[in-house]
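Just so it is clear, none of the values below were taken in a lab; they were calculated from the coordinates. Note that the structure is predicted; figures quoted are calculated from it, not measured. A quick note on method: Cβ atoms are made from the backbone with ideal geometry, for glycine too, and the neighbour counts reach across all protein chains shown.
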Amino acid sequence: MRARLSDIARQADVSEATVSRVLNDRPGVSAGTRRAVLTALDVLGYERPARLRKHSAQLVGLVVPELDNPIFPAFAQVIESVLAQHGFTPVLCTQTPGGVPEDEYVEMLLERQVAGIVFVSGQHADATADPARYRQLLARPLPIVLVNGYVEGIAAPFVSCDDRVAGELAVAHLAALGHRRIGLICGPERFTPVRRKLAGYRAAMGRLPDREGGPEELVALSLFGVEGGEVAAGRLLDRGVTGIVCGSDLMALGAIRAARSRGRSVPAEVSVVGYDDSPLMAFTDPPLTTVRQPVQAMAAAAVRALVDEIRGHAAPHSEYLFRPELVMRASTATPP
C-alpha cells in the first residue's frame, strides 16, 4: 500500500514536510519525531521504505551491569537470543564502575534510533535514583522493559524474580536442617531487590519460635561481590552464626572464603546459601546450594513484553513476579 503523507502526518501529529524528511532519511529530525513517524507507518499498515528497514528500526538496546557477575551475561545471552528470534538486533551496553553511566548509554541508543530498550538491574533497581529518566523515555514515546527492580508510577512492564520469596526459601531450608542462628549478608539497602530479600528473611526468621538472636543483629550489608561477601560474612561469623543466607552467589563465595580463613569448614561447621544459581556454581568447592532465578523465563517475558510494546500491542504496565527455586547442593548441612 502506498503511504499518503497526509495520513501519516495526521497520525504522528507532525507536518507533511517532516514525514517526507523521515521517509527520505534526511537529517534535521529529532529521534523522538522520527520514531513517531515510523510508528505511524506501522500503525497505518504501510511498509517502511527499504532505506529505513536496513536502518536502526530493528535495533533494541540492552543495558546490563558489569559482566563480572556471571548472572548478567546469562541474562544478556538469553535476551539477545530471544530478540533475534523476533527479528531484532540487540545493542549490548555494559556498565562498569567508573565507566559509561546508564544515561550516556541511553543517549547513544537514542542516536541509533533503537526501537526499544531493556534495562537489567539498572537505575530502576535503586530506590534513591531519579525515575524521571524513564518517564522521559516513555514520553518520546520509546518502549522500555525493566528487569529486576521496580519504580512506582512508571507506566512500563517490569519483570522481577520474587526476592521476598527467595529470602524465605533460603531461611526455611537452613531451618529445616536444624539451624537457628541464621544470618543474612546482602548488598546496599537502597536497592529494591535487597529490601525485598530483607523482608523475606525477617518474615521467615519471625516464624522460628526457637531462633537464636534477633534478625537485625544477624544482618550484615556490604558491597555486592566476593570481597563484600567476605567482609560481611566475617562479621556474622564473629557473632556465632551457623548458617548464612547470601544476596548473590559471588557473596556466597566470599562467605565461604571468610569461613575458611577462620578455620571453619563448609558445610560441616557453617552452611552457606547463595542466590542466582549463576553458571559454574555447581562446580565450586563445595558445590553451592543456592536460590535460582528463572533467567530463561524472565528474559523471554521481558522480550515478549517489549516486542508487544514496539508493535503497538501494549503489554500490561505492571510487575511480573517469577518464583525462584531452591537448588540444594553441598554447601549446606546440619549444624554442628
Let's test the formula: R0 of 56 Å, r as the Cβ-Cβ distance of GLU269 and SER6. What FRET efficiency results, to the nearest 0.05? 0.15
Ranking request for peptides 11-17, 145-151: highest mean number of other beta-carbon atoms within 10 Å first, then the rest in descending order. 145-151, 11-17
Would you please give the residues with an amide H less than 5 Å from that of VAL147, counting only those at least 5 places away or on a separate chain, with H modeled from the backbone geometry? PHE119, VAL120, SER121, GLY122, VAL159
Any idea how far apart ALA176 and SER20 come out in nm if each label point goes 7 Å out from Cα toward Cβ? 7.1 nm
Label ASP126 and HIS317 with points 7 Å out from Cα along Cα→Cβ: what is the distance between them in nm? 2.5 nm
For the range 163-293, what does the alpha-carbon gyration tensor say about shape, rounded, prolate or oblate, given a ≥ b ≥ c as the root eigenvalues, a/c under 1.5 as rounded, and a/b over b/c as prolate? rounded
In the Gaussian network model of the chain, springs joining C-alpha atoms below 10 Å, which of VAL245, VAL100, VAL63 carries the largest mean-square fluctuation? VAL100
Whole-number value, in Å³ per residue, for the convex hull of the alpha carbons of the chain is 125 Å³
Just to check I understand the Karplus step: with θ = phi - 60° and J = 6.51 cos²θ - 1.76 cosθ + 1.60, what whole-Hz values come out for the range 321-326, glycine and proline as x? 9, 10, 6, x, 9, 6
Given the DSSP H assignment, sum -39500 (n - 2.57) over each helix run of at least 4 residues in the chain and divide by its residue total; what's the result at 222 nm in deg cm²/dmol, nearest 500? -12500 deg cm²/dmol
Which of GLY28, GLY153, GLY98 fluctuates most in a GNM of the chain (C-alpha springs under 10 Å)? That residue is GLY98
Using θ = phi - 60° and the Karplus relation 6.51 cos²θ - 1.76 cosθ + 1.60, list the HN-Hα couplings for the range 100-115 in order, rounded to whole Hz, with x at every Gly or Pro. 5, x, 4, 5, 5, 4, 4, 4, 4, 5, 5, 4, 7, 6, 5, 7
Per residue of the range 73-86, in order, report the coupling 6.51 cos²θ - 1.76 cosθ + 1.60 (Karplus, θ = phi - 60°) as ³J(HN,Hα) in whole Hz, putting x for Gly and Pro. x, 5, 4, 4, 4, 5, 4, 4, 5, 5, 4, 4, 5, 8
5 angstrom amide H check on PHE322, placed H, neighbours 5+ away: SER160, CYS161, ASP162
Which of ARG35, ARG292, ARG190 moves most in a GNM of the chain, Cα contacts under 10 Å? ARG190
Specify which residue in the list THR332, CYS186, VAL295 is farthest towards the positive end of the charge dipole of the chain, using unit charges on the beta carbon of Lys, Arg (+1) and Asp, Glu (-1), about the Cα centre. VAL295
Non-local residues with an amide H under 5 Å from the amide H of VAL219, with H modelled 1.01 Å from N and Pro and chain starts lacking one, are LEU184
Taking the Cα centre of the chain as origin, work out the dipole magnitude from +1 charges on Lys and Arg Cβ and -1 charges on Asp and Glu Cβ, in debye rounded to 20. 540 debye
Work out how much length THR89 to ALA203 would gain on full extension: take 0.36 nm times their residue separation and subtract the Cα-Cα distance, in nm to one decimal. 36.8 nm
For the range 5-53, just the Cα atoms, rotate onto the principal axes and tell me the three extents in Å, largest first. 24, 23, 16
For the ranges 226-237, 261-272, what's the packing order if you count other beta-carbon atoms within 10 Å of each residue, average per peptide, and put the highest first? 226-237, 261-272
Set Lys and Arg Cβ to +1 and Asp and Glu Cβ to -1, take the dipole of the range 1-132 about its Cα centre, and tell me which of ALA125, PRO27, LEU5 lies farthest positive. LEU5
Relative contact order for the range 5-53 using alpha-carbon pairs under 8 Å, separation at least 6, rounded to a whole percent? 35 percent
